[in-house]
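No lab work stands behind these numbers, since they all come straight from the coordinates. Keep in mind it's a predicted model, so treat the numbers as computed, not measured. Backbone-built Cβ (ideal geometry, glycine too); neighbour counts: all protein chains shown.
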Amino acid sequence: MKAVVAGASGGIGQPLSLLLKTCPLIEELALFDVVNTPGVAADLSHISSPAKITGYLPADDGMKKAFSGADIIVIPAGIPRKPGMTRDDLFKINAGIVRDLVQGIAENAPKAYILIISNPVNSTVPIAAEVLKNAGVFDPKKLFGVTTLDVVRAETFVASITGAKNPQETVIPVIGGHSGETIVPLFSQAKPSVSIPSDKLDALVKRVQFGGDEVVEAKQGAGSATLSMAYAGYRFAEKVIKAVKGETGIVEPSFVYLPGVEGGDEIAKATGVDFFSVPIELGTEGVKRAINVVGDANDHEKKLLQVCYDGLKGNVSKGIDFIKNPP
Ligand code: NAD
Ligand code: LMR
């Protein structure tokens, strides 16, 4: 199992690379960034875990060397928000970064599982899909937008109300996209079920939808969530790797291209969007099936979903258009 982090020297990239270095399921870990990867790799190389670690910069065919033979590539490359910005404000810079990295994956590791963290996820995943399609190597079962941080926040914030001792033991589907009102937590479908006082529900939903802003504001211009994102990115990557290696019954929401995966057509029809995050059962080939939880939403959640669909459609078409009609 060769894993790659693209954007490995950044706020997310470094702690994510640390967690991947300690993962016993990984034999080789390649770090790629436009700066500092030799230093980050040298530092992590002293950790006595099995993964052999290398660091590459763009010079001397660094991207080709980093990506060749990769099984899984996680992308946290790109600029983060500052207070007052939306994720969509990052599109101008990050769209091109993701396009070029995914082009490099299409050329050097066309069979790799691709996990996209770079924002705006609602648009960067459609960009990746278009680049892979143009290169003739798009496999929708292998392309994931990482929305795990929304799930992690839902687990944490709901526990602050229910008092659950271990927040991770409550499974909460968080679906839709990854920005503001496109993020829809379905607390009615939590397992085990949770009881949220009605006067606390709206604030809880809002906190999950706008949890990213909380961190951006607290960091006062120094960036957005990095450590919690590294945890979430690692959690999702580890699940993909475990499923690929044969472990069964692994389910985690992710933002995928619905028409290309089993069970996805029905959800695309219900939502009117092709890219959407739903609980995904993972298997040896990536997505085994998308699980339709949309129909089970209660009336309050259905209203939230309507707002989500409207916002998401624009974000998705903006990403597709960026590749189809380059600026
Ligand atoms: P950062 O600025 O600390 O790190 C980004 C890294 O990307 C830098 O090291 C930079 O050199 C590198 N980079 C830039 N262009 C590159 C290229 N062409 N190839 C390779 N590397 C390149 O930012 P961060 O805090 O780590 O955030 C990274 C991205 O992740 C942002 O877009 C942020 O919005 C996003 N993010 C997403 C989620 C999520 O839930 N999906 C959560 C948090 C942050
Ligand atoms: C998050 O949800 O924390 C990330 O998408 C970063 C951000 O810009 O809020």
**OP:** Quick one: among K269, K200, K219, which has the greatest mean-square fluctuation in a GNM of the chain with alpha-carbon springs under 10 angstrom?
**Re:** K200
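Would you mind computing Rg(Cα) / (2.2 N^0.38 Å) for the chain, counting N as its residues? Let's see the in-between values first.
Numbers: Rg = 18.7 Å, N = 327, 2.2 N^0.38 = 19.9 Å.
So the Cα radius of gyration is 0.94 times the expected 2.2 N^0.38 Å.
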Original post:
What per residue convex hull volume, in Å³, comes out for the range 266-321 when only alpha-carbon positions are used?
Top reply: 82
Subject >> DSSP beta bridge pairing in the chain, given as percent antiparallel to the nearest 5 >> reply: 45
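Can you work out D for the range 53-186 in µm² s⁻¹ from Stokes-Einstein, where Rh is the Kirkwood radius over C-alpha pairs, the temperature is 4 °C and the viscosity is 1.567 mPa s?
Details: Rh = 16.4 Å.
Reported coefficient: 79 µm²/s.
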Original post:
Where the centroid of each part is defined by its Cα atoms, how far is the range 143-197 from the range 221-242 in Å?
Top reply: 16
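Counting only Cα atoms, I'd like the Rg/Rh figure for the range 184-327, Kirkwood definition for Rh. Let's see the in-between values first.
Values: Rg = 17.0 Å, Rh = 17.3 Å.
In the range 184-327, Rg relative to Rh is 0.98.
About its Cα centre, how strong a charge dipole does the chain have in debye, to the nearest 20, once Lys and Arg get +1 and Asp and Glu get -1 at the Cβ? Walk me through the numbers before you get to the answer.
On the way: 33 positive and 36 negative charges, 44 e Å.
Its charge dipole is roughly 220 debye.
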Original post:
Which residue, D88, D43, D71, has the most motion in a Gaussian network model of the chain that connects Cα atoms within less than 10 Å?
Top reply: D43
**OP:** Between beta-carbons, use under 11 Å as the cut-off and find the net charge around T248, counting Lys and Arg +1, Asp and Glu -1.
**Re:** +1
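Could you work out the per residue convex hull volume over the alpha carbons of the range 191-262, in cubic angstrom? The partial results should precede the final answer.
Details: hull volume 11.9 nm³, N = 72.
So the per-residue hull volume is 165 Å³.
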**OP:** Treat each spin label as a single point 7 Å out from the Cα along the C-beta direction, and report the K111 to E27 distance in nm.
**Re:** 1.4
Subject >> Under 15 Å, Cα to Cα: Lys pairs in the range 97-243, sequence gap 8 or more or different chains >> reply: 9
